[in-house]
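Everything below concerns the one structure shown next.
The values are calculated or read from the model by the stated rules, or taken from the named source; none is laboratory data. Please read all numbers here as calculations on a predicted model, not as lab measurements. Ideal geometry is used to build each Cβ from the backbone, glycine not excepted, and the neighbour counts take in all protein chains shown.
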Amino acid sequence: MREHDRFTYSKSQAATQRGVVLIFALLVLLSLTLMGVVSVSSSMIQHKMAHAMEQQLLAFNAAESALAATISQSADEAVLLDDSMIDPLSEASKIAAIDLSVDALSCFFDQGYVSRTLTQNGLQTEKHHITNGQYDRQSRLNSWSLSAFVQERTCRGSSSVMGSADIQCHVFLIRGCGQIKDNQYAVANTLSVSVMTYELP
C-alpha cells in the first residue's frame, strides 16, 4: 500500500472513531438527563406525599382534639353543677335520639345535633364552650365535634357493680371532625360514650 493510501485510510478511520465516540457521548448524556428527570420527578412526588400526610395528620389531630374537648367539658364539675350551663352530652340528651339505621352523624350536614367548635384558644374549663373560630393561629384548620343521643339501656354488669341499684346507661355518639381550610374533605373519628345514672332503693 502506498504512503498516500495509508494516510487516507488513517484519516478515514479516525473520523469513524470520532463519530462513534460522539454517538456514545450523546447516549451517555441522554441517560444522565433521563436519570436527572426521573430523580426530580420522584423527589416532587415524595414531597407531595409527605405534604399530604402532614395535612392529614394535622386534620386528624384537630378531630381528636374536638373529641377530647367534648369529653373533658362533659366531665367538668363547674359546668355540671352550674344550673346556668349545660354540657354537650346533657344538651344532646334533650334532642331526639339518632336512628343509626337511617341517619349518619356526618361532619358536613347539619342534622340538628349538638355541635362544638374548638378554637385556637384551646379548651376553657368552667365555661359553656360555644365559641366559633379557627383551630390554630394560621387559620388552616377547623376542628369541631357533633354529639348525638343514641339510646337508654340497662348497663352491662350493673348488678355486680351496684347490687340492687337500678342503673341505666345513656349512650351517646361523639364525632370529632378536622378539616384543612379550603379542603373539601374532613378527617373524622367517632367515639361511643355511656353515661351511667342510677337510683338507690
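Computed values, structure above
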item: Subset of the range 141-190 (residues that are closer than 27 Å to residue 101 by Cβ, modelled with pLDDT under 85 and of a type in the set (D, E, K, R)); result: 152, 153, 156
item: Number of the exception - residue 64 against (1) loosely packed, with under 11 Cβ neighbours inside 10 Å; (2) in contact with a strand residue (DSSP E or B) (Cβ under 7 Å, 6 or more places away or on another chain); result: (1)
